[in-house]
Each structure stands twice: as structure tokens, then as C-alpha cells.
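Below: one structure, written as C-alpha cells.
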Amino acid sequence: MDNKQLFAIFGNPVSHSRSPIMHNCVFKNLNYPACYIRVHLEDGYKLRETFIALGLSGANITVPHKEAGFQACDEIRGFANIVGVVNTIINENGKLIGYNTDADGFMFCIKEFGNIKKVLILGAGGTSKALTSRFVQDNIDVTVLNRSKNRLNDFTEITPTYHTWDSFKCEKYDLVVNTTSAGLKDENLPAPKALIEEVLNNTNFVADAIYGKLTPFLKLANEKNITYKDGADMLLGQGILANELFVNKELKKEDIRKYMQKSFKL
Ligand code: NDP
């Protein structure tokens, strides 16, 4: 009998997801008896029953089902409790345990920047909220800067420092992170050029959540010789931490990183 474990990613759309190739590359090269598939899920309420019907050992959850992932679990551990969204589920003896490796994955990917004390986050959407909460948890000073006011209302209890472009006064930062979708499907900067220039002239490092292209924001940072990480590094970080949970730490983190990183070249 084949006793391979089965893992999956749930999303809608999900056909573009790089997760199957990332995780399968690790399983195959490290001879771990598991396989990872994509599942297109229309209705988030069906996540739990689909997970169980497929006999999954674990799963990742992507847009738009991360909140449904939280609801589907019997128990939530770690940072997922703070943000209320789950991107990784583990089947622990029939109980579904929910985690969130997105923000921890980001922290993992910026480790080589050294000691980060002051951060500016551009954008106030879901990604910004998760990263801001994670930075605050580590006592890092975070300012959030957004194009419009509405979404900033969600930040009143997370960080005392949030601005729209009009009220913002630039300070010195260790890291500036673009979490807006500016540059994803267009060639826009995440704020007016003069403001972005000022911000880049006052930071040591830069990161962007967008992957698959060099955004205008990163292009400008690159021209100014600022060391940067793109969204692929973030994707890699959350993937490594999710894989560690899938294999219950039976594989070494450095080996997981090596083969997951290799999958980005496939
Ligand atoms: P949301 O839709 O929740 O938020 C989008 C944010 O971008 C808002 O603050 C919005 O501002 C701002 N925005 C959109 N267009 C512009 C623009 N032209 N100029 C300035 N600000 C703009 O998005 P998410 O947080 O879900 O995702 C954000 C980005 O992160 C996406 O590009 C996504 O692909 C990427 N991502 C990458 C991940 C990875 O693993 N690498 C993981 C998750 C997301 P306003 O409030 O004014 O509308």
C-alpha cells in the first residue's frame, strides 16, 4: 500500500499558485513520501469537508479563503490568533490545527538585514495589517502610509502612527515595505514620485510584497543601490515555515530552503 501523505493548496483562482512546485520540489529531492496538489475551491464554507474528504495531512490556504481557513480549524496556534486568518492547516490526529506563516515568513526573509528597529509600510490592506501586527509584536516602531483614509481606521488599535500622503512627514527608517498593489499590473509607484524618492533616500533596506516582476518601486531602489527583497523572498519564507509544519520538523530547515529556492528557477 502506498502511504504517501497528501497536501494541497485551496484558493480561487489557484491555477497560478507556485506552492505545488515549491513543496513538491522539497518532497522529491529529500525523498519525503508526500505529494502536493492544487484545489480550486469556490465556497470557503466547504473547506473543512473538502480537506477531510481528500484525506489531507495538511494544506495551504490562499486568497480569498484565509478567513474561512480560520473558521475551518479546531484549534488556532501562534500569530494566526492575532490576525484571524490562516494560511496553513495541519491534520493532527484528525484535528485541524491552523497557523499563519505569512508574517513569520516575511520576518524570516528579512533576517539578513540585521537588527530592524524602525519600519515604514506603504499600503493599508490585508498584507499591511498582518506585517504591522507582526512588527509591533517584536516591539519594532512601525508607521503605515496609505493613499486614502478609509482603510487606516483598521490600524487605530495596531499602531499609533499612520498617515495618508498629505499628513506624512518622512523620518529615517531601517526598512520600507511596499504592500500596495501599485506596480502589480501597471507601472505605478506606490505614492507620488517625490514622496517615494524622499522615503528611499532615508532608508537602509527595501522590500516589496509583489513577485514575478521588478516593480517600479524596486527599480528605483535598485538605481539608488539600496539592498532589497522582492515578494518571491516573502513567498519563499512562508513556504519554508509551512513545509516545516507539514513534515513535523523531520527535514532540516536549510535543506527545505535549498530545494524550495531551486523551484523558483523551474
Ligand atoms: P489589499 O487589496 O488588501 O490592499 C491594497 C492596498 O494597496 C491598499 O492599501 C490600497 O490603497 C493600495 N493601493 C492599490 N493601488 C494603489 C496605487 N496605485 N497607489 C497607491 N496605493 C495603492 O491587498 P493585499 O494586502 O491583499 O495585497 C497587496 C499586495 O501584496 C498585492 O500586490 C499582492 O499580490 C501582494 N502579496 C504578496 C504575497 C507574497 O507572498 N509575496 C502575499 C500576499 C500578498 P487604498 O486603501 O487607498 O485603496
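Values quoted throughout were computed directly from the atomic coordinates according to the rules given, and no laboratory measurement underlies them. A quick note: this is a predicted structure, and the numbers were derived from the prediction, not measured.
Some notes on this structure:
- Solvent-free Debye scattering, log10 I(q)/I(0), computed from the Cα coordinates of segment 104-230 at q = 0.09, 0.19, 0.21 Å⁻¹: -0.21, -1.06, -1.34
- The length gained by stretching the chain between GLU171 and LYS46 to full extension, at 0.36 nm per residue less their Cα-Cα distance, is 40.3 nm.
- When only alpha carbons are used to place a centre, segment 151-208 and segment 220-257 end up 23 Å from one another.
- Estimated D of the chain in µm² per second, where Rh is the Kirkwood radius over Cα pairs and Stokes-Einstein applies at 37 °C, 0.692 mPa s: 171 µm²/s
- Counting only whole DSSP H helices of the chain, the ones at least 20 Å long by C-alpha along their axis and with mean Kyte-Doolittle hydropathy no lower than -0.5 are 231-246.
- Ellipticity at 222 nm from helices only: DSSP H runs of n ≥ 4 in the chain, each -39500 (n - 2.57), divided by the residue count, give -10000 deg cm²/dmol.
- Rg(Cα) / (2.2 N^0.38 Å) computed for segment 47-127, rounded to two decimals: 1.26
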